[in-house]
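Participant: Below you'll find the structure I mean.
The values are calculated or read from the model by the stated rules, or taken from the named source; none is laboratory data. Just so it is clear, the model here is predicted, and its values are computed rather than measured. All Cβ positions, even for glycine, are placed from backbone atoms using ideal geometry, and neighbour counts span all protein chains on display. Note: areas computed on protein heavy atoms with side chains; ligands, DNA, RNA excluded. Shrake-Rupley method; radii C 1.70, N 1.55, O 1.52, S 1.80 Å.
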Amino acid sequence: MRHLFVVGVLICALAAWAQEQPNLEELIQRAEQGDAVAQNNLGFMYINGREVPQNYGLALKRLRLAAEQDYANAQGNLGIMYAGGNGVPQDHTEAAKWFRLAAEQGDAAAQYNLGLIYVGGEGVPQDAVEAVKWFRLAAQQGNAYAQLDLGFMYATGQGVAQDYAQAVRWSRVSAEQGLAEAQFSLGGSYANGLGVTQDYGQAIKWFRLAGEQGYLAAQQDLGAMYFDGAGVTKDHAEAFNWFRLAAEQGDADAQYRIASMYSNGLGAAQDAAQAVMWSRRAAEQGLADAQYNLGGSYSSGVGVAQDFAEAFKWFRLAAEQGQAAAQTNLGLMYDSGEGTRRNAREAVKWYRFAAEQGEATAQANLGLMYLNGEGVTRDRLQAHVWLSLAASREGGDRAQQFADARDTVTKYLLPTQLAEAKLLAEEWKPKTWEDLQ
């Protein structure tokens with residue numbers, strides 16, 4: 001779920017002083033005189049460095065004085081300090097103690113935080129039923145985070161019988177308060193028809209409200225819906241706008257999508273340099289498909305100066321994550337000596353990884369390596385198997401080329417060898433990268 005909810009007690013407490021507007025000097029004086037509200041607000045100011053230098057030690061001192069007078073907001077804020085280890089050693093048991101004292105006085109933020117403590121089992125035994133109890137009390141007071149998490153508990157059946165209609169109910173009241181995460185959750189319910197009649201128009205509405213607040217997952221989903229035409233008229237320009245918002249937040253998947261759209265002129269004017277820029281951002285975050293695309297740009301010199309060494313670097317990074325097309329290209333670079341020293345054994349290694357995952361070009365090249373005995377002991381039976389697989393997985397002229405190569409091998413095989421090769425090809429199944437580790 002979320003981090004502990006830091007309640008804006010300073011704003012709430014100052015509302016009671018609206019007529020007086022005390023200055024800092026007066027606030028300190030009142031705190032010294034034992035005024036719990038002043039002690040609490042001064043502590044909050046020290047936490048945030050507002051009008052005073054940030055000082056967790058002084059914050060703790062002021063909040064404890066107010067908390068020991070049973071001032072609920074201070075108890076809740078003291079709980080947050082212990083939960084976060086701010087100014088004190090982190091102590092979830094002590095945090096739970098102060099949250100409970102505030103929660104039992106009806107403080108909604110503390111009720112919510114106590115619910116989170118029970119969900120995580122930190123400082124108290126993990127107890128979903130207790131979590132639901134405290135979320136409900138806070139939710140009934142209008143705490144939007146508690147409303148959302150209560151909905152989540154109903155949706156997942158934690159601490160309460162699973163009930164999608166109740167999940168929608170609580171998500172809705174939270175969403176109507178403007179909480180972006182709740183708006184996204186409600187949009188998801190409409191998109192999937194969980195607890196409510198499926199309605200893509202409503203899904204778009206709530207996703208858009210969340211996306212306009214910068215909620216990343218909503219921006220991603222809006223981009224995908226408009227790109228694919230899922231429940232909405234396909235609109236690549238609109239998809240591009242939403243993916244770009246997510247990309248600018250640093251989301252690697254969105255950056256990859258933006259790069260692909262620039263590369264293909266979908267939703268934006270074709271721009272190879274922009275495609276490279278966004279591919280690089282995603283690639284540097286470790287996204288294998290983006291690393292593969294960036295390697296392709298360096299290999300072809302499209303959008304960037306041709307540089308086989310850079311192409312090799314990015315293909316290898318993607319290949320090491322199991323990206324089959326990158327493994328094929330890495331094999332080709334080892335095979336040809338472009339961007340690296342020629343190494344037939346390494347070429348075979350990477351062709352094999354890609355071939356086992358079903359990459360037809362890698363299967364054909366692996367077959368040829370077996371046929372010629374390059375990087376591997378010559379084995380015409382294995383050559384026949386891999387060339388057969390390549391021909392079966394390709395279409396058009398390439399399939400015919402692979403089939404012709406396979407038929408060339410056939411004349412060198414005994415009938416028993418040919419039968420075995422055919423059987424091996426028929427029984428072959430693609431593997432995942434995890435299978436190959």
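Participant: Could you give the distance between the Cα centres of the range 372-422 and the range 278-323, to the whole Å?
Facilitator: 31 Å
Participant: Could you tell me the convex hull volume per residue, in Å³, taken over the Cα atoms of the range 296-437? Don't skip to the answer; put the middle values down first.
Facilitator: Numbers: hull volume 15.3 nm³, N = 142.
Considering the Cα atoms of the range 296-437, their hull volume per residue is 107 Å³.
Participant: How much FRET efficiency would the formula 1/(1 + (r/R0)^6) give for Asp307 and Asp271, where r is the Cβ-Cβ distance and R0 is 22 Å, rounded to 0.05?
Facilitator: Numbers: r = 20 Å, r/R0 = 0.89.
That pair, Asp307 with Asp271, gives E of 0.65.
Participant: State, to one decimal in nm, how far the label point of Glu32 lies from the label point of Arg342, with both points 7 Å from Cα in the Cβ direction.
Facilitator: Those two pseudo-labels are separated by 8.7 nm.
Participant: Just want the answer: with Cβ charges of +1 for Lys and Arg and -1 for Asp and Glu, which residue in Gln126, Ile28, Ala138 is farthest toward the dipole's positive end in the chain?
Facilitator: So the residue furthest toward the plus end is Gln126.
Participant: Dipole size in debye (nearest 20) for the range 322-429 around its Cα centre, Lys and Arg Cβ +1, Asp and Glu Cβ -1?
Facilitator: Details: 13 positive and 14 negative charges, 48 e Å.
Roughly 220 debye, rounded to the nearest 20.
Participant: Decide, for the range 26-102, between rounded, prolate and oblate: order the square roots of the alpha carbon gyration tensor eigenvalues as a ≥ b ≥ c, take rounded if a/c falls under 1.5, and otherwise choose prolate if a/b is larger than b/c, else oblate.
Facilitator: Since a/c reaches 1.5 but b/c is at least a/b, the shape of the range 26-102 is classed as oblate.
Participant: Using only DSSP helix segments of four residues or longer, with each worth -39500 (n - 2.57), what per-residue ellipticity at 222 nm results for the chain after dividing by its residue count and rounding to 500? Mind dumping the intermediate values first?
Facilitator: Values: 25 runs with 305 residues, N = 437.
Helix-only estimate at 222 nm: -22000 deg cm²/dmol.
Participant: Take the Cα of Val232, step 7 Å along the line toward its Cβ, and report every residue of the range 164-202 whose backbone nitrogen sits under 11 Å from that point.
Facilitator: The answer is 200-202.
Participant: Taking the Cα centroid of the range 85-137 and of the range 193-236, what is the distance between the two, rounded to the nearest whole Å?
Facilitator: 34 Å
Participant: Can you give me the solvent accessible area of Ile28 with a 1.4 Å probe, rounded to the nearest 10 Å²?
Facilitator: Number for this one is 60 Å².
Participant: Could you tell me what a quarter of the Cα convex hull surface of the chain works out to, in nm² with one decimal place? Please report the intermediate quantities before stating the final value.
Facilitator: Working: hull surface 117.6 nm².
Answer in nm², one decimal: 29.4.
Participant: Based on the mean of other beta carbon atoms within 10 Å per residue, what is the order of 64-75, 381-392, most packed first?
Facilitator: Final packing ranking: 381-392, 64-75.
Participant: Determine the shape class of the range 163-242: with a ≥ b ≥ c the square roots of the Cα gyration tensor eigenvalues, call it rounded for a/c under 1.5, and otherwise prolate if a/b is greater than b/c, oblate otherwise. The partial results should precede the final answer.
Facilitator: Details: a/c = 2.89, a/b = 1.48, b/c = 1.95.
Oblate shape, in that a/c is at least 1.5 and b/c is the bigger or equal ratio.
Participant: While we're looking at this one, here's another question. What do you get when you divide the Cα radius of gyration of the range 263-316 by 2.2 N^0.38 Å, with N the number of residues?
Facilitator: Computed over Cα atoms of the range 263-316, the ratio equals 1.05.
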